[in-house]
Amino acid sequence: MKPPRFDYHDPTTLAEALALLAGHGDAARVLAGGQSLMPMLNFRLARPGHVIDVNRLDALATLSPGPDAGLRIGALVRQRTLERSTLIRERCPLIAQAMPLVGHPQIRTRGTLGGSLAHADPAAELPAVMVALGARLTVQSARGPRTVPAESFFVAALTTALGRDELLTEIALPAWPARTGSSLQEVAIRRGDFALGGVAATLTLDAEGRVAGARIVCFGVGPCPVRAADAERSLVGGAPSVSGFAAAGQLASAGVDPDADIHASAAYRKRLVGVLTTRALAESLASLGERAA
Amino acid sequence: MTEARDIALTVNGQPRRARVEVRTTLVDLLRDTFRLTGTHVGCEHGVCGACTVLVDGEAVRGCLLLAVQAEGRRVETVEGLAPDPAHLNALQAEFVRHHGVQCGFCTGGILMSLTAALRDNPRPREPEIRDTLAGHLCRCTGYQGMVDAVLALVASGAPAPGPDAGSAP
């Protein structure tokens, strides 16, 4: 099928874009990379009266070092740019690990970080990665800017804390903590497909080699990214170990309540979370060694 | 705001102009207006890869870009690969030699993805070739012939697909 009729706007300044959203918010959809909205238009699952194309907002397409060794990523930065960036590899290995699993290369050339977050597909990698990293999202409207922690940005499947007149403009990431490894694990039927389930993890050790902290975030097994808080707590203070990672996997598995669909049963997905959590923790530890080496 | 817009872009090195309805996708502009029907339309939701073309050198889905978004861009399609109507380029020739083509529906998009990938990395190994092909569905060949074709191209030492026509020298 083909997209329905809509009024097309391609503002060149943020102020212009926000004014359009203020005027048409209820009837408008924001077009960023278009890798989710365009299929919905082609299938007429979305019939917005107005499409506000933000691709000319060059100011939102910059990737830069943030204060205190963090990162500031404009919402319009392409996924392919993140994948190729040495700054990302140095300052945020978890994003570099996730990127090859986000769609296909031909999708990542257009797909944006902000678009993936604002679309909030339950099986998408990037929302979970942002929760694992403790990202802070800058959201702007004609009423002014506000900051939303990633953990409260994802409200339900395909639903975020964004108001109708608001635009996600920037993602701020804190500095990568010392002695921290990370991993992203998922199972998909075919490479590049949305995952049946996945886990993003970071593991931080203290100077004595004990676990100082961990972040474990599951995706594809609930309406939003699910933080495995019990599993995270179970690791803190102990030495990293195969048995500790296995126990954390069981806690993570117990903490999710996935749905079944044509691809996998709920029981399969629940078990998958445990296996992938254990694997992600082991890989995080291994990556820590590689980083130190 | 307007229903239709005038756009100017470069297609396979040639400057082109068109008046398009804003809801027209790039692949429909290429096929219906410019009659470049080597780029095929499959799923229209970015999964099958048949409509893949290069925009400013990057492989993208032609069904997921509006034609108006190609304003001022350099677009390359499968029609731009062969040096002249009587000859194939080295990648196309290896596809024929290694049975990388059967019905041909997916072929145009796959050749364009591989062209972009080979410009990035002229000597890909098999996993990298497969990663590029993963963005495409082929229901005939089983992909092996395509992998063999690219490996043969690399082994032959033939120059990789040249820089895209519009890029700065």
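If one puts a single equal scatterer on every Cα of the protein assembly as shown and applies the Debye formula without solvent, what log₁₀ I(q)/I(0) results at q = 0.06, 0.10 Å⁻¹?
The Debye formula, applied to the Cα set alone, gives -0.28, -0.77.
For B:Ile110, B:Ile7, what ranking results if the residue with the fewest other Cβ atoms within 10 Å of its Cβ goes first?
B:Ile7, B:Ile110
For a quick check: sort B:Thr52, A:Thr180 by the number of other beta carbons within 10 angstrom, fewest at the front.
A:Thr180, B:Thr52
Just from its helices, what would the mean residue ellipticity at 222 nm be for chain A, if runs of 4 or more DSSP H residues each count -39500 (n - 2.57) and the sum is divided by every residue, rounded to the nearest 500 deg cm²/dmol?
-10000 deg cm²/dmol
With a ≥ b ≥ c the root eigenvalues of the C-alpha gyration tensor of region A:180-292, is it rounded (a/c under 1.5), prolate (a/b larger than b/c) or oblate?
It comes out prolate by the Cα gyration axes.
Provide B:Asp84, A:Asp206, B:Asp56 in ascending order of the number of other Cβ atoms located within 10 Å of each residue's Cβ, fewest first.
B:Asp84, A:Asp206, B:Asp56
Does anyone have the angle between helix A:14-24 and the longest principal axis of chain A? Alpha-carbon axes, 0 to 90°, nearest 10?
70 degrees
Return the distance in nm (one decimal) between the two label points of a simple spin-label model at A:Ala15 and A:Val236, each offset 7 Å from Cα along Cα→Cβ.
4.6 nm
Can you tell me the 0 to 90 degree angle between the C-alpha axis of helix A:242-254 and the longest principal axis of chain A, rounded to 10?
Relative to chain A, helix A:242-254 is tipped by roughly 40 degrees.
Could you bin all the Cα-Cα distances of chain B into 5 Å bins starting at 0 and give me the percent of pairs in each, rounded to whole numbers?
Once binned at 5 Å, the Cα pair distances of chain B give 1, 9, 18, 22, 20, 14, 8, 4, 2, 1, 0.
Specify the angular offset, from 0 to 90 degrees and rounded to the nearest 10, of the alpha carbon long axis of helix A:266-292 from the longest principal axis of the alpha carbons in chain A.
80 degrees
Please give, to one decimal in nm, the separation of the simple spin-label points placed at B:Glu71 and B:Asp131, each 7 Å out from Cα toward the Cβ.
Output for this residue pair reads 3.5 nm.
Principal axes first, then extents: for the Cα atoms of region A:1-146, list largest minus smallest coordinate on each axis, whole Å, largest first.
44, 35, 23
I need two numbers for region A:7-52: Rg to one decimal and Dmax as a whole number, Cα atoms only, in Å.
For region A:7-52, the Cα radius of gyration and maximum Cα-Cα distance read 10.6, 31 Å.
How many angstrom lie between the C-alpha centres of region A:56-77 and region A:1-26?
Between the Cα centres of region A:56-77 and region A:1-26 lies a distance of 23 Å.
Classify region A:121-169: rounded, prolate or oblate, from the alpha-carbon gyration tensor (a ≥ b ≥ c, eigenvalue square roots; a/c under 1.5 rounded; otherwise prolate if a/b is larger than b/c)?
In terms of gyration-tensor shape, oblate.
May I ask you to compute the full-extension gain from A:Ala22 to A:Tyr268, defined as 0.36 nm times their residue separation minus their alpha-carbon distance, rounded to one decimal in nm?
This chain segment gains 84.1 nm when fully extended.
Laboratory data are not the source of any read-out in this text; all were calculated from the coordinates shown. All figures in this text were calculated on a predicted structure; none of them were measured in a lab. In this analysis, Cβ positions are derived from the backbone assuming ideal geometry, glycine residues included, and neighbour counts consider all displayed protein chains.
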